[in-house]
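Scroll down for the structure; my scribbles are underneath it.
The values are calculated or read from the model by the stated rules, or taken from the named source; none is laboratory data. Given the structure is predicted, the values throughout are model-derived calculations rather than measurements. Here the Cβ is made from the backbone with ideal geometry for all residues, glycine too, and neighbour counts use every protein chain on show.
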Amino acid sequence: MTYKSGFVAVVGRPNVGKSTLLNKLLGEKVLIVSDKPQTTRNKIRCIYSVPGMQAVFLDTPGIHKPHHKLGDRLVDSAVNSLQEVDLVWFVVEPDLSPGGGDRFIIDHFSPRTPVVLVVNKADTMREELRDSITEAYKALYPFARVVFTSALHGEGIAELLEHLAEVLPEGPQYYPEDMVIDQPERFVVAEIVREKIMQLTRDEIPHSCAVLVESMREEETIVHIDATIYIEKDSQKGIVIGKSGSMLREVGTQARKEIEDLLGSKVNLQLWVKVRKDWRNKEQDLRMLGYEQKK
C-alpha cells in the first residue's frame with residue numbers, strides 16, 4: 001500500500017473561519033478562534049494523520065492590507081506559504097461579488113499548485129445561491145474543486161478529505177501519528193491566554209496584545225506557568241487588569257482550565273501585564289515575541 005503525504009496551505013481573508021475549519025477537521029481544538037479578525041499570527045503546522053496518509057496543514061494569518069510591521073510580517077508569512085505546498089485551500093465567505101482582498105490573494109496563486117475554493121459559512125446562505133457564487137469565483141481562477149463547508153457544523157469536511165486523498169502525492173510520514181501541531185507547549189499556552197483576552201476584552205485590545213510565556217516548571221503534581229501580557233498603551237493596561245484585578249483574574253481562570261486539559265495536570269498560572277509602546281512596529285519586540293522574520 002502506497003503512503004501519501006503533503007503540505008496544504010489554508011489561506012483567506014481575516015475572519016473567514018480558517019482556524020475553525022482546521023479544528024473541526026482535526027477533531028479537537030488546537031488553534032485559537034475568535035470573532036475578531038487576524039486571530040492567527042503565526043504560520044502553524046497542523047498534522048492530520050490517517051492510515052496511509054498524512055496531510056500537514058499550514059494555518060496562515062489572514063491576508064489583509066497591513067497597517068504596521070507586524071501586519072507586513074503576517075501577510076508575508078501567508079503569501080510565502082503558497083510557494084511551499086502541494087495544495088491550497090482558499091477559504092472564502094459566501095459572497096456573490098468577490099472583493100479586492102480575495103482578488104489580491106488569487107493574484108498570488110501559482111499555476112503549478114492546484115487550488116480548492118472552500119466556501120465557508122454555507123449554513124448562513126440560501127442553497128439556490130451556490131451556483132452563482134461558484135460562477136463568480138471561477139470567473140477569476142480555474143479552481144480544481146469548489147466545496148461548500150460549514151466549519152461550525154462539519155458540512156463539507158468529508159468532501160475535502162476525499163479530494164485530499166486523491167491529489168496528495170506519494171511521500172513519507174513527516175510527523176508521528178499522534179502529533180497534531182508542530183508548536184511547543186509554551187506556544188500553545190500563550191495562545192490560549194491570548195484567546196481569552198480577545199474574548200473578554202473590548203475591541204481595542206486584541207490586535208495590540210501579545211503573550212509571552214516566561215517560564216514553565218513542573219513541581220510534583222503542579223505545573224507553574226509565568227506569562228506576561230504585552231499591550232501598547234497605558235490605557236489598555238487598565239482594561240486588561242480590570243477593576244481590582246477582576247478582568248485579569250477571569251482571563252487567568254478561563255485560561256487555566258483549558259491549559260489543565262491540555263497538559264493533563266494541575267496548573268498554577270501567574271499573569272502580568274506590561275506596556276511596550278508601539279511593539280507591533282519594532283523589530284526587536286517582534287523578534288522577542290516570536291513573530292517570523294520577513295523572507
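The table below lists the values:
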item	result
Filter pass, Q183 being within 30 Å of V147 (Cα to Cα), of a type outside the set (V, I, T) and at pLDDT 90 or above	no
Close pairs from the stretch 45-58: first within 14 Å of E170 (Cα to Cα), partner of a type in the set (K, R) and modelled with pLDDT of 95 or more, Cβ under 8 Å, at least 6 apart	G52/K4; M53/K4; Q54/K4
So E177, is it within 24 Å of C46 (Cα to Cα) and part of a loop (DSSP other than H, G, I, E, B)	yes
Tally of residues being outside any helix (DSSP H, G or I) and modelled with pLDDT of 90 or more across the stretch 232-266	2
Tabulated pairs, the stretch 239-262, first at positive phi, second of a type in the set (A, V, I, L, M, F, W, C) and at pLDDT 90 or above, C-beta under 8 angstrom, 6+ apart or interchain	G242/L248
Long-range neighbours under 7 Å by Cβ, at least six apart or interchain, first residue in contact (Cβ under 8 Å) with a residue 60 or more places away in the chain within the stretch 93-118, second of a type in the set (D, E, K, R)	E93/K121; G101/R13; D102/R13
L269 being more than 28 Å from D59 (Cα to Cα), outside the structural domain of L22 (by TED's automatic domain parsing), modelled with pLDDT of 90 or more and buried (at least 16 other Cβ atoms within 10 Å of the Cβ)	no
Top-ranked residue of the stretch 102-113 - restricted to ones that are surrounded by 17 or more Cβ atoms within 10 Å (Cβ to Cβ) and not β-branched (V, I, T), ranked as nearest to E84 (Cα to Cα)	F109
Residues that are surrounded by fewer than 12 Cβ atoms within 10 Å (Cβ to Cβ) and closer than 30 Å to T2 by Cα, drawn from the stretch 124-157	P142
Single unsatisfied condition, T20 versus (1) buried (at least 20 other Cβ atoms within 10 Å of the Cβ); (2) closer than 21 Å to A55 by Cα; (3) modelled with pLDDT of 85 or more; (4) in contact with a strand residue (DSSP E or B) (Cβ under 7 Å, 6 or more places away or on another chain)	(4)
Scope the stretch 235-261; condition loosely packed, with under 14 Cβ neighbours inside 10 Å and within 24 Å of G290 (Cβ to Cβ); matching residues	D261
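Results for (1) closer than 27 Å to T124 by Cα; (2) among the polar types (S, T, N, Q); (3) in contact with a strand residue (DSSP E or B) (Cβ under 8 Å, 6 or more places away or on another chain); (4) not assigned by TED's automatic domain parsing to the domain that holds D278, shown as yes or no for each residue.
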{"site": "H153", "(1), (2), (3), (4)": "yes, no, no, yes"}
{"site": "E159", "(1), (2), (3), (4)": "yes, no, yes, yes"}
{"site": "Q173", "(1), (2), (3), (4)": "no, yes, yes, yes"}
{"site": "E177", "(1), (2), (3), (4)": "no, no, yes, yes"}
{"site": "R194", "(1), (2), (3), (4)": "no, no, yes, no"}
{"site": "Q199", "(1), (2), (3), (4)": "yes, yes, no, no"}
